[in-house]
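Encoded as structure tokens, the structure appears first; notes follow it.
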Amino acid sequence: MSRYVIGVDGGGTRTRAVVLDEDGNDLGRAEGDAAVADAVDPVPATRAVAAVCGAAARVAEIALPVDAVWAGLAGAGRETARSAVEVELGRTGVARVARVGTDVFAAFHDAFGEGPGVLLIAGTGSIAWGRAEDGREGRVGGWGHHVGDEGSGYAIGTDALRRVTKTADGRAPETTLRESILSHLELSGVDELVQWKATARRANVAALAPVVAANAAAGDAAAREIIDDAVNELERHVLAVLENLGPWQAPPRVALAGGLLQPGRALRAPMEAALARQGVPLLEREIDPAMGAGRLACAIVV
């Protein structure tokens, strides 16, 4: 009988799943709601993972349970959160064996396997993670939106909202961000932004990043400054990982992942330019975290 596994990549905006056979062939994919590991309430993330696994299985025309699921989720870096979701996922019956790890590790595994390298992720949140030639590992960032996530979509969106309110007060020059953001959110005035922000999900705030990038491309100085600051922060993430894990026998490649760093997205081109100025080599392909998770699932059933 054939063996099947599912790899899952879950973050603060959406979750993706891929079904692989025992030879690692891609049989089908699906996309679903956000899945962030939470020790206190693991059920929402578990439901999102189970739902996207079911959808991917239907596309692949296979029946559940599969032999193994490996789910890389945002928030799973904390052992309590990882374990809580893993237990709940095991109860869903989507797989005979269910494992949960971080979305960062899934992406890194797709980029570098067991080898050295540096991964920079910028989406709803941000983090850099690396492995040295001698196997040492380390991260920079990933502290969450309350105290970190510099350079992320959430940080860009929040900075833009602050700039709009400063402009409304007369504390900053006029910016096209005001009308663009109000139009995007379908709000009639700046006063309504406070109420919107108080109830908005992180993903909704992060979704303002493309609006900021569009205004920056159109020449708005405030938007350009916000984008430049984000790129500078992400560049510091990479340089800190390189410093912390050095010395290197050869310059490691840097892989870019996450919604803001995919080819053609808001921060991709300026990030590539920043790394080039530093002489940092880039991994010249798009990262597929779900596939990385799928390969980790395959390793479980070998």
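The values are calculated or read from the model by the stated rules, or taken from the named source; none is laboratory data. The structure displayed is predicted, hence computed values, not measured ones. Cβ coordinates were reconstructed from backbone atoms using ideal geometry, including for glycine residues, and neighbour counts include every protein chain displayed.
Between 151, 219, the distinction of being surrounded by 13 or more Cβ atoms within 10 Å (Cβ to Cβ), out of contact with any Lys or Arg (no Cβ under 6 Å at 6 or more places or on another chain) and outside any helix (DSSP H, G or I) belongs to 151 only.
Restricting segment 13-25 to residues that are more than 15 Å from residue 101 (Cβ to Cβ) and buried (at least 24 other Cβ atoms within 10 Å of the Cβ) leaves a set whose member that is farthest from the chain's Cα centre (by Cα) is 20.
Could we say that residue 276 is assigned to a helix (DSSP H, G or I), touching a strand residue (DSSP E or B) at 6+ places or on another chain (Cβ under 9 Å) and either surrounded by fewer than 19 Cβ atoms within 10 Å (Cβ to Cβ) or of a type in the set (A, V, I, L, M, F, W, C) (or both) here? Before the answer, list the steps.
Details: assigned to a helix (DSSP H, G or I): yes; touching a strand residue (DSSP E or B) at 6+ places or on another chain (Cβ under 9 Å): yes; either surrounded by fewer than 19 Cβ atoms within 10 Å (Cβ to Cβ) or of a type in the set (A, V, I, L, M, F, W, C) (or both): yes.
So residue 276 fits the description; yes.
Is one or more of the residues making up segment 166-189 out of contact with any His (no Cβ under 9 Å at 6 or more places or on another chain), touching a residue at least 40 places away in the same chain (Cβ under 8 Å) and basic (Lys, Arg)?
Our first condition is that a residue be out of contact with any His (no Cβ under 9 Å at 6 or more places or on another chain); within segment 166-189, this holds for 166-189.
Then drop every residue that is not touching a residue at least 40 places away in the same chain (Cβ under 8 Å), which leaves 167, 172-173, 175-177.
With basic (Lys, Arg) added as a condition, the list becomes none.
So far as segment 166-189 goes, no, none of its residues is out of contact with any His (no Cβ under 9 Å at 6 or more places or on another chain), touching a residue at least 40 places away in the same chain (Cβ under 8 Å) and basic (Lys, Arg).
Within segment 193-205, the residues that satisfy the criterion of being in a helix (DSSP H, G or I) and either of a type in the set (Gly, Ala, Ser) or closer than 11 Å to residue 164 by Cβ (or both) are 193, 194, 197, 198, 203. For segment 228-274, how many residues are modelled with pLDDT of 95 or more, of a type in the set (S, T, N, Q) and over 16 Å from residue 212 (Cβ atoms)? Residues flagged as modelled with pLDDT of 95 or more, of a type in the set (S, T, N, Q) and over 16 Å from residue 212 (Cβ atoms) within segment 228-274 amount to 1. Screening residue 158 against (1) free of Cβ contacts under 8 Å to residues at least 40 places away in the same chain; (2) under 30 Å from residue 242 (Cβ atoms); (3) assigned to a helix (DSSP H, G or I); (4) β-branched (Val, Ile, Thr) leaves a single unmet condition, (1).
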